[in-house]
Structures are given as C-alpha cells and as structure tokens.
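A.B. asks: Starting off with a structure, shown below.
Here, each number is a calculation from the coordinates, and none is a lab measurement. This structure is a prediction, so every number in the text was calculated from the model and none was measured.
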Amino acid sequence: MNIVANKALEFGPVRVYLGAQSGKYPDGNQVLVQGSSACVAFDTPLISRQLAEELARVELVLLGHVHEDHMVALGRMPQAAVQAHEADLAALQSWDGLARHYGYPQPVLEQLQAIVLRDFDYTPRPDATAYVDGQLWELGGGVRVSAHHLPGHTAGHCALVEESSGVAFIGDIDLTGFGPYYGDASSDLAQFQRSLQRVRELDARVWVTSHHRGVLTERTAFEQALARFASKIDERSQRLLDYLQDGPQTLAQLAARRLLYPVGFHYPYVESAELRTAALHLAQLQQQGWVRQEGALYGLA
C-alpha cells in the first residue's frame, strides 16, 4: 500500500480516496481503477466533489448499488458512461425508479427528494445501462474488474473486485457498528444473510467499504469485523422477542420501539425503515417457530 496525491491509498492500479471519517455516512469512500486503456470509478460519494480533476479522466462509473449517497457526481460527469446491476438500474435512471426502490409513502418521498437534491446533487442518469452478476471489464494492462452480486441491502447490491490487486469494494456491507441495513422496499433480510456468507468467498486481499471502516488489509481483521456486523441481525431478532415478552403487539407497536435507530431520532424515512425491518424479522421468526400471528397481533409461539 502506498499513499499518493490527495491522500489516496494506492494498491497497484487501485486508488482509494477516503471520505470524512473514513467515509462515514453521509460521505463515502471513492475508488478509482486505472488500466492502460481505461479509468473506472466505483460510485461517486460526497468526497467526489473534491476530486474533479481525477474524475475528469473517468470513462465509466460502476455503481455497486444505487442510493443517493453513491451517485453525487453523476450530473457532473457527462463524459462517463454509468452502469448498475440490472436489479438496481431503474433506480439510477429516474426519480420514479428510485422512489420505487425506496418504497416509502409519498409524503416521505417528497421530503426525501428535497434532501437528495440539496445534499447529494441528485441527478438521474436515463442513459445508464445494466451489468449482470459475473460481468468482467478489461481495462488494459492486466487490470480487470469483476461484479459479484451480493443482494440484501438493495436488490442489485454488488461487490466490485479489481482482480490483479485483489481489492474488493464491498459497498454497504460496510462493517459498521450500526449493522446491516435492509429497510427499503428493494431490501431483503434473507438475501443479506446469504450475502454475508458469500462475501467471505471473494478472492480478495484488500476490502474497501463504502462507509466508516474504509480499508482493511488483513483477512483476520476483515473476518472479525464481518462477524460483528452480521451479529446485529441476531441482536435485532432477540430484541423483538424481548419486546414480545410484554405480550402480543402489532407491527406498528413493535416498530415504534425501534430496532435500528434510537427512540426519539427523527429523519423522514426512519419510521418506514423500522416498519420494513421489523416485518422482515417477524416473518423470519415465524418461519423459525418463535413467533405466531393472530390477525394484526404478533406474540410468542
């Protein structure tokens, strides 16, 4: 690993520009891959505003997934083609597609649209095209990027791996203390759990997250961080079981007690995310025989 201009971390053809606090949301970490014939960017988070010169030579932006904080510079990069996994493509191409991706009630979407326009320079890319699981991009000089579909956070969430350096950009499998986020309409708990197993199987020597953790260069540290991250799922299920010790409750009552955010924390989509998350956990707990449902009420089995 070398440190180069603009405090980037360099791993062969890959440069990682860390956002504020190692890319803590709302910022993120910018990855650029330079081959002998092409330069590719993975996502464009808020730090991309500081990298106009570097991004000017980018010919292709690959989005590991589509959310507002990963597409900040797309409106300032008309020279670059943009691609996302086929399951996330509609969310990249238009606001209507992104709104379906989120799946929040209309009043929430209206508030969120104003935020993403103001804070993330939101610009849809109707010209964007799709990539698929296993797709390869040859950038010249032995530099090659591969896509690995790891859904759950979104339907199209992928890891992007530069194979010659072994750098895996694992996106919002971000190893934060917050844990996995699967609170949108395109999110899926069971898929996320499978992806947490599959991400271990990537042929990688360096792991780059979108947020907070930044760069990990030791497999042991990566495995430990991943285990802590994954454990948040079981903690949330246990919290629901603890809530149900107080007796049968509705989904709304359980969501109001919060699985993700502290009680009292307000942001436009928080209530929707809590409802979606609680519903996914309750469905899984029912399948496992821990929870039963009678009408609108959930109780311990």
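A.B. asks: Multiplying the sequence separation of Thr123 and Gln245 by 0.36 nm and subtracting their Cα-Cα distance, what value in nm do you get?
C.D. replies: That works out to 39.3 nm of additional length.
A.B. asks: Okay, moving on. Return the percentage of antiparallel bridges among DSSP beta bridges fully within the range 159-296, rounded to the nearest 5 %.
C.D. replies: 55 percent
A.B. asks: Here's something else I'd like to know. Once you sort the root eigenvalues of the Cα gyration tensor of the range 235-300 as a ≥ b ≥ c, which label holds: rounded (a/c under 1.5), prolate (a/b larger than b/c) or oblate (the other case)?
C.D. replies: Prolate is the answer for the range 235-300, as a/c is 1.5 or above and a/b outweighs b/c.
A.B. asks: Right, here's the next one. Note down the relative contact order for the chain as a percent, whole number, built from C-alpha pairs under 8 angstrom at least six residues apart.
C.D. replies: Relative contact order, the chain: 14 percent.
A.B. asks: Against the longest alpha carbon principal axis of the chain, how many degrees, from 0 to 90 and to the nearest 10, is the axis of helix 270-287 turned?
C.D. replies: Rounded to the nearest ten degrees, it is 70.
A.B. asks: Mind listing the Cα extents of the chain along all three principal axes, in Å, largest one first?
C.D. replies: 63, 42, 32
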